[in-house]
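Written below as structure tokens is the structure these notes are about.
The values are calculated or read from the model by the stated rules, or taken from the named source; none is laboratory data. Small disclaimer: the values here were computed from a predicted structure and weren't measured. In this analysis, Cβ positions are derived from the backbone assuming ideal geometry, glycine residues included, and neighbour counts consider all displayed protein chains. Heavy atoms of the whole protein, side chains included, go into the accessibility calculation; ligands, DNA and RNA do not. Shrake-Rupley method; radii C 1.70, N 1.55, O 1.52, S 1.80 Å.
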Amino acid sequence: MRYLAYLKPSAINLGRQRKTEHARRFSGAPGFAKICAAGFSRNALIGFILVAPAWADMRVPQTQPEIAMGFVPVVERAAPAVVNIYARRVVETRASPFRNDPFFRDLFRDFGTPRPRVQNSLGSGVILSEDGIVVSNYHVVGEATDISVVLNDRREYSAKVLLSDEETDLAILRLDGASGLQALELRDSDSVQVGELVLAIGNPFGVGQTVTSGIVSGLARSGTATGNARGYFIQTDAPINPGNSGGALVDVNGQLIGINTQILSRSGGSNGIGFAIPSDLVSQFVVQARAGETAFQRPWAGVSGQPVTADMAEGLGLSRPGGIILSDLHPQSSLFAAGIAPGDVITAVDGAPVNTPAEMIYHMSVAGIGAVTRLSLIRAGQEKVIEITLKKPPEVPPRATVETSRRSAIPGLRLSTINPAVIAERNLPLTMRGVLVEDPGQFGLRAGLREGDVLLNINGVPVQDTASAQTLLSGQGAWLSLDIQRGTRRSTLRYRL
């Protein structure tokens, strides 16, 4: 048996007179866990409800009423907590590439003027608390200027984004003036097993709230399987289509196990390969949103590595392939401080097996900044468990963002010193040094620079920080030589002054 929650009467709407009716209604549904023990008083639930895991009580329906009932009790419980979201954002049309060129800008003056355009998006969301906390996808509500949320009973609320994160594709909203809403209970997503029956609830193609069924097809999906090397997902074959984004993936107990986020499809429609963000990560987002954060704060591992293949496992003396072999560690990372070194194989985080860097980062993100985490590793054939305290990427040295003056060789160039925080934000290699081009400006574009470039050397002299970059750009000469890193490529730009 597993203890799930201490439930309030407002959450389950169950009084003394309705206890028998409630238990009878849900105990007959296939896959529903039985109420084992409960104590009630006149005004409050004073006991605990103990339920079995969903998979422990699953069986084939035995009677005609059970067959006819199907998923009705699950939908009745979960559907009112799934909402439709309508978001609007103002975007600018793409400007002409000739608008900053001194020769062509007069010719393309009208064509190159950015024009505002209203972009609408449609998606779904899930109510997580009675006071109007809602979770959805970043690509549904991110950067929206106007958000409307329509409940299952057609009530409509305006909403604002409390916290969002484009990389994870999650956003937490609060409904203005909402109270007493029906919310979904979060289930521990680590307890989900392949083969469980699930329902996907959302608003595909704007046709209205729709329920589809399927099973959990896979767990811990990341990397090339999803097209997102830094993601971590539950896979399902429950049909998911455009408009389902941000909707609920629930189990047969009506508990939320994931937020539907993407599909693999060549046609744009469902091919039975959909992905949901696990509820454990959603829970961490809610905690940070309630704490006042506006951007998701994830722990920084400060390591690089790769999955252990069969050939690697044989060379390392492992019985089977599994884990992540570390190739590099940043000297400011918590793992480096704990004595972990290149060549170590990380096999688990807090007892959960990990086989890709994305899995390791996911489990650290679920634990949260400040948590003490146990890393299981293998070093020279010996198993070890090392405890580390998770922390943010440090701002050491300070990024010291500056904009070059008009007297500089490249005026209006906005630069930041690269440190662990910048490395994490921009997903740069751990060994990267120099300064980051935050905004090239008009003259930087003319010199060939782009946002995200890293300045390594100026006129052959290594760039250490923004102060040294400003000094080097103030030098005199007919030509300027810039060694840059753009993605995985290094190149040299020569600019005539």
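Only one of the numbered conditions (1) more than 29 Å from residue 307 (Cα to Cα); (2) more than 16 Å from the chain's Cα centre (by Cα); (3) not hydroxyl-bearing (Ser, Thr, Tyr) is violated by residue 173, and that is (2).
In region 345-359, of all residues being open to solvent by less than 40 Å² (accessible area, probe 1.4 Å) and in contact (Cβ under 8 Å) with a residue 40 or more places away in the chain, the one that is farthest from the chain's Cα centre (by Cα) corresponds to 346.
Only a single item in (1) open to solvent by 40 Å² or more (accessible area, probe 1.4 Å); (2) among the polar types (S, T, N, Q); (3) at pLDDT 95 or above is not met by residue 427, and it is number (3). Residue count for region 171-194, restricted to those that are in contact with a strand residue (DSSP E or B) (Cβ under 6 Å, 6 or more places away or on another chain), open to solvent by less than 70 Å² (accessible area, probe 1.4 Å) and of a type outside the set (Lys, Arg): 11. Pairs linking a residue in region 419-434 that is of a type in the set (A, V, I, L, M) to a residue that is in a helix (DSSP H, G or I) and surrounded by 19 or more Cβ atoms within 10 Å (Cβ to Cβ), with Cβ atoms under 9 Å and 6 or more positions apart or on different chains, are 428/422; 430/420; 430/423; 432/422; 432/423. One residue stands out among those in region 448-467 that are farther than 30 Å from residue 327 by Cα and within 36 Å of the chain's Cα centre (by Cα): the one that is surrounded by the fewest Cβ atoms within 10 Å (Cβ to Cβ), which is 467.
The lone criterion from (1) out of contact with any Asp or Glu (no Cβ under 9 Å at 6 or more places or on another chain); (2) open to solvent by 10 Å² or more (accessible area, probe 1.4 Å) left unmet by residue 123 is number (2). Restricting the first member to region 182-208 and to residues that are closer than 19 Å to residue 261 by Cβ, and the second to residues that are assigned to a helix (DSSP H, G or I) and hydroxyl-bearing (Ser, Thr, Tyr), the beta-carbon pairs closer than 7 Å and six or more apart or on different chains are 186/279; 186/283; 187/279; 189/279.
Figure legend. Inter-residue proximity from region 55-84: first residues within 30 Å of residue 129 (Cβ to Cβ), second residues part of a helix (DSSP H, G or I) and modelled with pLDDT of 60 or more, beta-carbon distance below 9 Å, spacing 6+ or different chains. Indicated pairs: 55/191; 84/206. Which condition number does residue 144 fail, the rest of (1) open to solvent by 20 Å² or more (accessible area, probe 1.4 Å); (2) modelled with pLDDT of 95 or more being met? Failed condition: (2). Taking region 380-400 as the search range and keeping residues that are loosely packed, with under 14 Cβ neighbours inside 10 Å and among the hydrophobic types (A, V, I, L, M, F, W, C), which one is nearest to the chain's Cα centre (by Cα)? Per the criteria, the residue is 396.
Contact map, region 130-146: residues that are on the phi > 0 side of the Ramachandran plot and touching a residue at least 24 places away in the same chain (Cβ under 8 Å) paired with residues that are crowded, with 24+ Cβ neighbours inside 10 Å and among the β-branched types (Val, Ile, Thr), Cβ distance under 9 Å, separation 6+ or inter-chain. Pairs shown: 132/149. Kindly evaluate residue 403 against the criterion of being surrounded by fewer than 21 Cβ atoms within 10 Å (Cβ to Cβ) and modelled with pLDDT of 95 or more. It is true that residue 403 is surrounded by fewer than 21 Cβ atoms within 10 Å (Cβ to Cβ) and modelled with pLDDT of 95 or more. In summary, strands (runs of 3 or more DSSP E) completely within region 341-440 and bearing 3 or more residues that are of a type in the set (Val, Ile, Thr) occur at 345-349, 372-379, 382-389. Number of residues in region 289-333 that are open to solvent by less than 60 Å² (accessible area, probe 1.4 Å) and in a helix (DSSP H, G or I): the value is 3. What about residue 281, is it open to solvent by 10 Å² or more (accessible area, probe 1.4 Å), assigned to a loop (DSSP other than H, G, I, E, B) and either at pLDDT 95 or above or of a type outside the set (Asp, Glu) (or both)? Against the criterion (open to solvent by 10 Å² or more (accessible area, probe 1.4 Å), assigned to a loop (DSSP other than H, G, I, E, B) and either at pLDDT 95 or above or of a type outside the set (Asp, Glu) (or both)), residue 281 does not qualify. Residues that are more than 24 Å from residue 89 (Cβ to Cβ), of a type in the set (A, V, I, L, M) and assigned to a strand (DSSP E or B) occur in region 201-214; there is at least one.
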